[in-house]
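A.B. asks: Quick one: this structure, given as structure tokens, is what I'll be asking you about.
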């Protein structure tokens with residue numbers, strides 16, 4: 001295991017945010033959606049315990065249905081999730097973080113499909129960053145580093161000089177594999193389950209300040 005990188009007081013080229021559980025509260029909607037999908041496919045109610053949070057939906061689907069049913073099963077979970085947005089909301093500190101950083105040095109990097117990311121961001125009321133990387137944009141999803149490497153590249157930076165903000169193990173693994181520093185947000189998982197350079201209770205405990213040469217990150 002590598003030594004933790006310093007986060008507090010460090011200036012990064014850009015901040016790469018996960019979406020669900022990091023910027024927006026969507027866990028109830030996610031659980032309802034997957035429970036409904038599981039019932040339709042005759043799976044036990046506990047099937048999600050082995051699925052892995054933070055992975056792309058298509059990867060999860062492929063764990064439970066035959067290969068020739070993956071396309072249809074994936075289309076079905078997307079359809080269900082897009083309709084389940086009633087109680088989705090921005091998490092504390094999310095709107096302030098995105099506003100403070102601005103569009104040139106912030107991106108959302110999510111395992112959601114494009115249509116689902118659009119639906120959840122609209123429901124949350126958050127201002128959509130100019131750069132949003134979804135599962136539709138990559139060939140390999142988290143925990144592969146490709147999504148965060150692409151997010152940094154689209155902003156014009158090297159992921160190794162960026163900070164990844166995540167709530168899931170797969171996302172933190174992806175950020176670390178991309179060479180980025182990692183900041184974990186407690187909520188979906190407990191602090192003890194999150195292996196990151198720094199773990200915080202929420203984005204409202206972090207101040208992002210746009211400065212010459214990047215974004216300074218400080219604990220508050």
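None of the figures in this text is laboratory data; all of them are computed from the coordinates on show. Remember, predicted model here, so these are calculated numbers, not experimental data. A quick note on method: Cβ atoms are made from the backbone with ideal geometry, for glycine too, and the neighbour counts reach across all protein chains shown.
A.B. asks: Taking Cα atoms, how many degrees apart are the long axis of helix 114-124 and the longest axis of the chain, rounded to 10 and kept between 0 and 90?
C.D. replies: Roughly 70 degrees between the two axes.
A.B. asks: Debye sum, Cα scatterers, segment 139-220, no solvent: what log₁₀ I/I(0) at q = 0.11 1/Å?
C.D. replies: Per q value, in the given order, log10 I(q)/I(0) is -0.28.
A.B. asks: Continuing with this model, one more query. Tell me, rounded to the nearest percent, the portion of alpha carbon pairs in segment 27-83 spaced more than 18 Å apart. Don't jump to the answer; show the numbers that get you there.
C.D. replies: On the way: 328 of 1596 pairs.
Tail of P(r) above 18 Å: 21 percent of Cα pairs.
A.B. asks: Any chance you could run the full-extension gain for residue 75 through residue 45? It's 0.36 nm times the residue separation minus the Cα-Cα distance, nm to one decimal.
C.D. replies: Numbers: separation 30, 0.36 × 30 = 10.80 nm, distance 2.05 nm.
The span from residue 75 to residue 45 would gain 8.8 nm if fully extended.
A.B. asks: Given a Förster radius of 22 Å and the C-beta distance between residue 193 and residue 5 as r, what FRET efficiency does 1/(1 + (r/R0)^6) yield to the nearest 0.05?
C.D. replies: Values: r = 20 Å, r/R0 = 0.90.
Given R0 = 22 Å and the Cβ-Cβ separation, E is 0.65.
A.B. asks: Sticking with this one: To the nearest Å, what is the center-to-center distance of segment 1-75 and segment 141-220, using C-alpha atoms only?
C.D. replies: Using only Cα atoms, the two centres lie 17 Å from each other.
A.B. asks: Can I ask one more? Starting from the Cα of residue 89, step 7 Å along the direction of its Cβ; do the same at residue 216; then give the gap between the two resulting points in nm.
C.D. replies: Rounded to a tenth, the inter-label distance reads 3.3 nm.
A.B. asks: Mind pulling the angle between the C-alpha long axis of helix 70-83 and the longest principal axis of the chain? Nearest 10 degrees, somewhere in 0 to 90.
C.D. replies: The angle comes out at about 70 degrees.
A.B. asks: Which percent of Cα-Cα pairs in segment 1-109 sits in each 10 Å bin, short to long?
C.D. replies: Pair shares across the bins are 12, 35, 28, 20, 6, 0.
A.B. asks: May I pose another question? How large is the translational diffusion coefficient of the chain in µm² per second when you combine the Kirkwood radius over alpha carbon pairs with Stokes-Einstein at 20 °C and 1.002 mPa s?
C.D. replies: Values: Rh = 17.4 Å.
Translational diffusion coefficient: 123 µm²/s.
A.B. asks: If you don't mind, another one. Got the relative contact order for the chain handy, in percent, Cα pairs under 8 Å and 6 or more residues apart?
C.D. replies: Numbers: 441 pairs, mean separation 63.9, N = 220.
Result for the chain is 29 percent.
A.B. asks: Hey, what angle do you get for helix 146-155 against the long axis of the chain, alpha-carbon based, 0 to 90 degrees rounded to 10?
C.D. replies: Between helix and principal axis, roughly 50 degrees.
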